[in-house]
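Single-structure report; data block below.
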Amino acid sequence: MDSSVYVFVEDLRGEGVERVLDRISGYGVTGITVGAVHHASRDVTPHGLSRLTIRHDGAHFTPPADLFAGLRLAPVPGYSGALDGLREACAKRSMKLHGWTVFLRNATLGTKHPDVTVRDCFGDRGSLTDLCPAHPDVREYAVALARAVARLGVDSVVAESLHFRPLRPERSFVPLGPMDAYLFGLCFCDYCLRRATDLGVNAEVAREECARIVGSVLDGDPPAQGEVTRAALTAYAGPDVVAYARARSETVTTLVSEVASAVAEEGSKLVFIDSTGAVKGYADGLPTPGLAAHDAWQLGVDLVALGDLVPAFGVLAYARDAARVADDVGAYLRSVGKDREVRAVLRPGHPDSDSADRLVAKARGAKAAGALAVDFYAYGLAPHPVLDRIPAALSEAV
Ligand SMILES: [Zn+2]
């Protein structure tokens, strides 16, 4: 079974390329998915160069200058030589190399160019981390960035955050329900408003409705109860808001289509990952009831449409329960098409897997549901005894 381990450039810098690859190939894993373009974070790294690792927004290679000539947005420089020799080192071990690319989550670019970030229903740009996929400059940047990663000679470009992102405030002492948070997270920048209007949506009415509803909760009204569904949203916010939310899919689908074509032109292939599985299960491995494939529309991800445009998909199966992993993979395949490559991304340890047996059960469940590959997230975040569960998961899943 095809497989990979997610690896951060800080892992390679800390332990060295040879040592990391020897360890991973020793698990029987057939590739690595390296963080070629990543976002800022502060992570506990149990066997890293330091036990707490501070990551910065950055592209960890030197992008070809011609790709970004004349563009307003260019990659934030990271560790420029971090991937040197990696492709050759993988080839020597017959391992595949995938280029993990974070597209629209970039606080450095957003802070420098606030006008390309999302704007909420009140007209505020409160999330400079989130570049808006409707902005033309962001779209040009995304296509060029995909080409740049493809030119590293990777077997695939693995796209993260190539869609709208949910609202994630660090503090809220207002009890926002899922639906209020969703409305608060919708982008109403000029480009989003225009795209929705072009599709026949009454965008300004949608914005006013969102501002009225979220405003009333901020003023002390009780939040809406229950998860976000189209029916619940229609009842709560009305048809214009639902139409506006659905119109976001056109923005994302066309962008992903352009990126997938660019990657194919460069001789690689796109693996599209939507964050819905992480939104649901990241914190504790106990995802909310709706399957990721059924709720992806909330981030503007239309999996049925993307199934015709993208060759491969990664499913963030962040769940403790093996049956849930299988259900998520199955629902994904039904959405994108049975002939598409679906890769299940599993966390081998906390908070999803408390034993090798549980990881084995999930790999088996993913395979039985039709996944063609299992990827493990992530090398530098998991203690060595947790990574040691991977061989069993691969051998027994086959
Ligand atoms: Zn926007």
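Table for the structure above
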| read-out | value |
| --- | --- |
| More than 21 angstrom apart: percent of Cα pairs within segment 113-209 | 43 |
| Overall Cα dimensions of segment 4-72 - principal axes, largest extent first, Å | 44, 28, 16 |
| Cβ-placed point charges (K, R +1; D, E -1), dipole of the chain about Cα centre in debye, nearest 20 | 640 |
| Rounded Å value of the spacing that divides the Cα centres of segment 160-236 and segment 332-349 | 29 |
| Separation in nanometres of the label points that stand 7 Å from Cα toward Cβ, at His384 and Arg51 | 1.6 |
| Counting DSSP beta bridges with both ends in segment 65-180, the antiparallel % (nearest 5) | 40 |
| The chain - percent relative contact order, Cα under 8 Å, separation 6 or more | 16 |
| Segment 140-175 residues near the modelled Gln225 label - backbone nitrogen below 18 Å, point 7 Å along Cα→Cβ | 175 |
| Mean separation of Cα contacts under 8 Å (6+ apart) over length of segment 270-340, as relative contact order % | 41 |
| Segment 140-191: Cα Rg divided by the 2.2 N^0.38 Å rule of thumb | 1.68 |
| Contact order relative to length of segment 201-335, as percent, for alpha carbon pairs under 8 angstrom and 6 or more apart | 25 |
| Share, in percent, of DSSP beta bridges within the chain that are antiparallel, nearest 5 | 20 |
| Neighbour net charge for Pro223 - beta-carbon separation under 15 angstrom, K R +1, D E -1 | -3 |
| Electrostatic dipole magnitude of segment 1-158 [Cβ: Lys, Arg +1; Asp, Glu -1; Cα centre; debye, to 20] | 120 |
| Helix 322-336 vs. the chain, principal-axis angle (Cα, 0 to 90°, nearest 10) | 70 |
| Backbone N under 15 Å from the Tyr79 label point (7 Å along Cα→Cβ), restricted to segment 355-398 | 379-381 |
| Semi-axis lengths (Å, descending) of the ellipsoid that matches the C-alpha gyration tensor of the chain | 34, 24, 20 |
| DSSP-defined antiparallel bridges as percent of all bridges, segment 1-141, nearest 5 | 45 |
| Normalised per residue, the volume of the convex hull around the Cα set of segment 69-152 (Å³) | 105 |
| Cβ-defined net charge surrounding Ala150, 15 Å radius [Lys, Arg +1; Asp, Glu -1] | 0 |
| Ellipticity estimate at 222 nm from DSSP helix runs (n ≥ 4, -39,500 (n - 2.57)) divided over the chain, nearest 500 | -12500 deg cm²/dmol |
| Loop-located trypsin sites (Lys or Arg not before Pro) in segment 321-398, at most 12 other Cβ atoms within 10 Å (DSSP) | Lys338 |
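Quick note: the coordinates plus some simple rules give every number you see, no bench work behind them. Source: prediction; values computed, not measured. So basically every Cβ, Gly included, is an ideal-geometry build from the backbone, and we count neighbours across all protein chains shown.
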